[in-house]
Amino acid sequence: MKYNYNNPLSITSQFSFCGLPFRLDTYSGCAIGCKYCFARIRGGNFESRKIKIADPKSIITRFKNGIKNQNTGIISEFIKNRKPVHFGGMSDPFQDIEKTCGISYMVLEYLKSIDYPVVISTKSDLIGNHKYLELFKDYKSLVIQVSFSTLDHKKSKILEPNSPNPIELLNCVKLLQENKTNVTLRWQPYIIEVSDDIDYFIEEVKKTGIKHIGFEHLKLPTEKNSDIENKFQKITGKSIYKLYNEKGAILDGREYILPIQEKLKNISNIKNSLKGSNISLGLADNEFQYLSTYNCCCSGVDMFEGFDNWYKPQISYAIRKSYLNNDNEIRIDNIRNEWNTNGSIDKFMNSKSRIKKQGNPNTMFDYVKARWNDLNSSFNPSKYFNVEYSNRIDEQGNKIYKFGNENLTL
């Protein structure tokens, strides 16, 4: 077996607003081939023969050395401090190649032996296989996030050509629940005029017994090599780019996103559908993250034992803390004393995103601070729902934000 994927552990560029920025991928490239997947559109692939494979021994050694404090660098800092790792941030760890290679199994087997906190993202029905159910069983610090865009098999086959029948995948969720494995569901992405009626979807999901749903609207890529347009037309007979334009979509970096008011309609509907249930809601659209039921952004993993050590010194949590405390002021001091890394993050940033060095290499908090004070940054607090710049600064020269007059609670 040729091990040719050399970047299985990394810190994602979302660290300034996400509670799970530590990423693990055992494969590069994903054979499921979701037409909306940003990783696929931006250099990924879905042909199994092109998928790169990571060396499981190398990954395991990295964790062992990090725990023993034998390595330096940000990755080792995360490992030493047992920060949860997001397994499957760029490719599905249980896609078909796993059946023959078993790399994900080998890595998880070791991580289970040390009860390392892991959050898996997948839409593969391999998780319902007896071998994997046994692996997941009694793994206390494990959460499996299972993703859906629709429960309609015909639509799913067009959008996610190599994914299982969504109903069969729901049955896997039930199996995981029966197996006493921590499992949540992600309705990501929710695609207007394609995804299911909200009331219907929630009623079907309730039958699985899950306790948490993450919800996020489709971010429409600007790249010309995206074939989401063709597939959307095949399902609806309409142009998704034209539809987004008609609804007032905003260009945010390399993606078109629906306006806040459009998203609020769907969030309100899903909230109403969840009333009377014990299912919590995580909002994965960046501007609403701080309004999720739980603190760790959209994932809700902090509801489970073993995940209180999630990554906190980021902008969403700073806003969340003021929101929970009914404090109208939002200050960067909210997160200044949370655990953070000391090493340089620069090598994990692409050249266009790097900030200038102020003597020493830039830390993660240097980037958070830079984005906090840049009103033009997509990650700036003023880009969040009902948050605005107060036209004031604190004693260290950092901008102070405040909540507006709109009201939305979860």
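Of all residues in the stretch 324-345, none that is on the phi > 0 side of the Ramachandran plot has its Cβ atom under 9 Å from the Cβ atom of a residue that is modelled with pLDDT of 95 or more, 6 or more apart or on another chain. Taking the criterion of being buried (at least 20 other Cβ atoms within 10 Å of the Cβ) and either under 17 Å from Ser10 (Cα atoms) or over 20 Å from the mean Cα position of the chain (by Cα) (or both), the residues of the stretch 315-330 that qualify are Ser322, Ile330. Under the condition of being outside any loop (DSSP other than H, G, I, E, B), touching a Lys or Arg at 6+ places or on another chain (Cβ under 6 Å) and either small (Gly, Ala, Ser) or open to solvent by 10 Å² or more (accessible area, probe 1.4 Å) (or both), the residues counted in the stretch 146-191 number 2.
Out of curiosity, is Gly276 without any contact (Cβ under 8 Å) to a residue 24 or more places away in the chain, part of a loop (DSSP other than H, G, I, E, B) and open to solvent by less than 60 Å² (accessible area, probe 1.4 Å)? No: the conditions fail for Gly276.
Of all helices (runs of 4 or more DSSP H) completely enclosed by the stretch 1-114, which ones contain at least 2 residues that are more than 30 Å from Glu255 (Cβ to Cβ) and either open to solvent by 30 Å² or more (accessible area, probe 1.4 Å) or among the hydrophobic types (A, V, I, L, M, F, W, C) (or both)?
Hits in the stretch 1-114: 56-67, 74-80, 97-101, 103-113.
Give the number of residues within the stretch 115-134 that are in a loop (DSSP other than H, G, I, E, B), buried (at least 23 other Cβ atoms within 10 Å of the Cβ) and not hydroxyl-bearing (Ser, Thr, Tyr). So the count comes out to 2.
Of all the residues that make up the stretch 192-225, how many are part of a loop (DSSP other than H, G, I, E, B) and of a type in the set (Val, Ile, Thr)? Reasoning before the result, please.
In the first step, residues of the stretch 192-225 are kept if they are part of a loop (DSSP other than H, G, I, E, B); the result is 192-197, 207-211, 218-219, 222-225.
Pick out the ones that are also of a type in the set (Val, Ile, Thr) and you get 192, 194, 208, 210, 222.
Residues flagged as part of a loop (DSSP other than H, G, I, E, B) and of a type in the set (Val, Ile, Thr) within the stretch 192-225 amount to 5.
Pairing residues of the stretch 129-158 that are touching a residue at least 24 places away in the same chain (Cβ under 8 Å) and under 20 Å from Ile202 (Cα atoms) with residues that are crowded, with 16+ Cβ neighbours inside 10 Å and among the basic types (Lys, Arg), at Cβ distances under 6 Å and at least 6 apart in sequence or on separate chains, gives Gln145/Arg186; Ser147/Lys123; Ser147/Arg186. Residues in the stretch 347-384 that are part of a helix (DSSP H, G or I) and among the acidic types (Asp, Glu): Asp366 only. Among residues of the stretch 238-260 that are closer than 17 Å to Asn286 by Cβ, those with a beta-carbon under 8 Å from a residue that is in a helix (DSSP H, G or I) and open to solvent by less than 70 Å² (accessible area, probe 1.4 Å) at least six positions away or on a different chain give the pairs Tyr256/Tyr241; Tyr256/Tyr244; Leu258/Tyr244; Ile260/Glu287. The number of residues in the stretch 219-253 being out of contact with any Asp or Glu (no Cβ under 7 Å at 6 or more places or on another chain), at pLDDT below 90 and either under 24 Å from Asn380 (Cβ atoms) or open to solvent by 30 Å² or more (accessible area, probe 1.4 Å) (or both) comes to 6.
The values are calculated or read from the model by the stated rules, or taken from the named source; none is laboratory data. This one's a predicted model, so the numbers in the text were calculated from it and none came from an experiment. Cβ coordinates were reconstructed from backbone atoms using ideal geometry, including for glycine residues, and neighbour counts include every protein chain displayed. These area figures cover heavy atoms from the full protein model, side chains too; ligands, DNA and RNA do not enter into them. Shrake-Rupley method; radii C 1.70, N 1.55, O 1.52, S 1.80 Å.
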